[in-house]
Structure formats: structure tokens, C-alpha cells
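Peer 1: For reference, the structure I am asking about is given below.
The values are calculated or read from the model by the stated rules, or taken from the named source; none is laboratory data. Keep in mind that what you see is a predicted model, and the values were worked out from it rather than measured. We place every Cβ from the backbone using ideal geometry, glycine too, and count neighbours over all the protein chains shown. To get the accessible areas, we keep the full protein, side chains included, count just its heavy atoms, and leave off ligands, DNA and RNA. Shrake-Rupley method; radii C 1.70, N 1.55, O 1.52, S 1.80 Å.
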Amino acid sequence: VLLLAGAAFAQTELTGEWTASLEKNDKINLNFKRLSDKGSKNSMGHSLDFAELQGLTREQAMSGGAVKFSLVREAGRVDCEGSFQNGNGSGTFRFTGSQSFVQSMKARGFDFEKSSSSRDDEREVEHRLFAATLLNVTTALADDLLSAGLGKLDTGDLFKAAIFKVDSKFMREMKESGFPNMGMEELV
């Protein structure tokens, strides 16, 4: 159950399917597919280092067989179960968002509970937390962006920063190379 409008976010889960394939650079490409409450398909893929996954090694993916592994980050936890054969895997996943992350971000002015669109998806908070987990959006990134003096930022800006690797260091490098006073959109 998801409670909004001033009430506390109730911890709930998203479920779906995952597929994976090994990449040549010692990374794994993980793709997650899930259905929205209205039946539309959502998918998101990401390349990860094996060190980011708890319970899965490159050797396990190559040798095949049943696997259980997790991606644990500040915004939530993705628990995966399935199997691998010849470097390709598939199975199911369960995502649990982090209540403390939601509250920590709200304290910094980033409200993950606030609707960002007119989609009216009852599970929008969980979808946003799921994306934040895969992209590794963190309170440290939020603090870094806030300290950089970019003005009013919203949750969407955090996602853009994580995707395009925008942080205060990148901002300083852009200033030093002759591009002063750039806002988030220009930095992206």
C-alpha cells in the first residue's frame, strides 16, 4: 500500500523480470522489465561491475546454473533470482525501496513522493526509487549538487546528474575551460 498526501511512504515492492549478458569489459548488462499498474511495459537496462552485485561473480555467469544476487544501494534493494547459461541469464526480481532514503532526500528538498507528471500511477514513488537505485542516485550526489550553487533543483535534476555524470567537479572543469555560469540543463 502506498500512502501519499502528507502521510509516510509505506515500503512496498515492485516485481518483474530480468535478463543479463556479459560484456567484454568485465561488466554485466542487466535489463529489468516490469508492468505498470495500467499494464504498460517499463524497461531499464544498466551496465554494472560485478563488484556492485552481492552474490554473483563473472565465473558464476559463465559456468551457468541457478543464481541469487542483489543490487543494494541507498535508494533501495533489487533481489534477483534465476539462472545463467553461457554468459546470458534471466529470471525474476523484487525491488524494495528505502524509506530512509525518501526521508533523507525530502530533508534536502528532493521530494520523491511528489508526483512529477499527470500519469496518475499509484506506484510512481516506487518506480522513481527503482530508477534511483539502478542509476545510483545518492544523498551524496544531492549534497554535492546543492553545494554547487545551481539554484532550485528537483528530483528530475538528480536523475539527469546521475545519468550524465554531472557533479561539482564536472562543473568546475567546465568553468575552467571557459564555460562559466552554466545551469543544470546546459551542463547536461
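Peer 1: Taking segment 17-67 on its own, how many of its residues are hydrophobic (A, V, I, L, M, F, W, C), free of Cβ contacts under 8 Å to residues at least 40 places away in the same chain and open to solvent by 40 Å² or more (accessible area, probe 1.4 Å)?
Peer 2: Total satisfying the criteria: 3.
Peer 1: From the residues in segment 16-54 that are among the hydroxyl-bearing types (Ser, Thr, Tyr) and either at pLDDT 95 or above or touching a helix residue (DSSP H, G or I) at 6+ places or on another chain (Cβ under 6 Å) (or both), which one is nearest to Asn88 (Cα to Cα)?
Peer 2: Just the residues of segment 16-54 that are among the hydroxyl-bearing types (Ser, Thr, Tyr), to begin with: 19, 21, 36, 40, 43, 47.
Subset that is either at pLDDT 95 or above or touching a helix residue (DSSP H, G or I) at 6+ places or on another chain (Cβ under 6 Å) (or both): 19, 21.
Values: Thr19: 7, Ser21: 5 Å.
Applying the filter and picking the extreme gives Ser21.
Peer 1: Now for a different question. Pull up segment 156-168, narrow it to residues that are hydrophobic (A, V, I, L, M, F, W, C) and over 12 Å from Thr138 (Cα atoms), then point me to the one that is surrounded by the most Cβ atoms within 10 Å (Cβ to Cβ).
Peer 2: Only one residue fits best here, namely Val166.
Peer 1: Another question, if that's okay. Could you give me the residue pairs with C-beta distances under 6 Å whose first residue belongs to segment 159-177 and is assigned to a helix (DSSP H, G or I), whose second residue is small (Gly, Ala, Ser) wherever it lies, and which are 6+ apart or on separate chains?
Peer 2: Once the first residue is assigned to a helix (DSSP H, G or I) and sits in segment 159-177, its partners that are small (Gly, Ala, Ser) give Ser168/Ala148; Met171/Ala148.
Residue-wise test of (1) open to solvent by less than 40 Å² (accessible area, probe 1.4 Å); (2) under 15 Å from the mean Cα position of the chain (by Cα); (3) at pLDDT 85 or above; (4) within 26 Å of Asn31 (Cα to Cα).
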residue	(1), (2), (3), (4)
Thr96	yes, yes, yes, yes
Arg119	no, no, no, yes
Glu124	yes, yes, no, yes
His127	yes, yes, yes, yes
Thr133	yes, yes, yes, yes
Leu141	yes, yes, yes, yes
Ser177	no, no, no, no
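Peer 1: Out of all the residues in segment 98-117, which are modelled with pLDDT under 90 and open to solvent by 40 Å² or more (accessible area, probe 1.4 Å)?
Peer 2: Matches in segment 98-117: Lys114, Ser115, Ser116, Ser117.
Peer 1: Given the options Leu153, Leu145, name the one that is open to solvent by less than 30 Å² (accessible area, probe 1.4 Å), over 21 Å from Ser40 (Cα atoms), modelled with pLDDT of 85 or more and not in a helix (DSSP H, G or I).
Peer 2: That would be Leu153, the only listed residue that is open to solvent by less than 30 Å² (accessible area, probe 1.4 Å), over 21 Å from Ser40 (Cα atoms), modelled with pLDDT of 85 or more and not in a helix (DSSP H, G or I).
Peer 1: Restricting to segment 73-94, count the residues that are more than 24 Å from Lys24 (Cα to Cα) and loosely packed, with under 14 Cβ neighbours inside 10 Å.
Peer 2: Going through segment 73-94 one residue at a time, the tally reaches 1.
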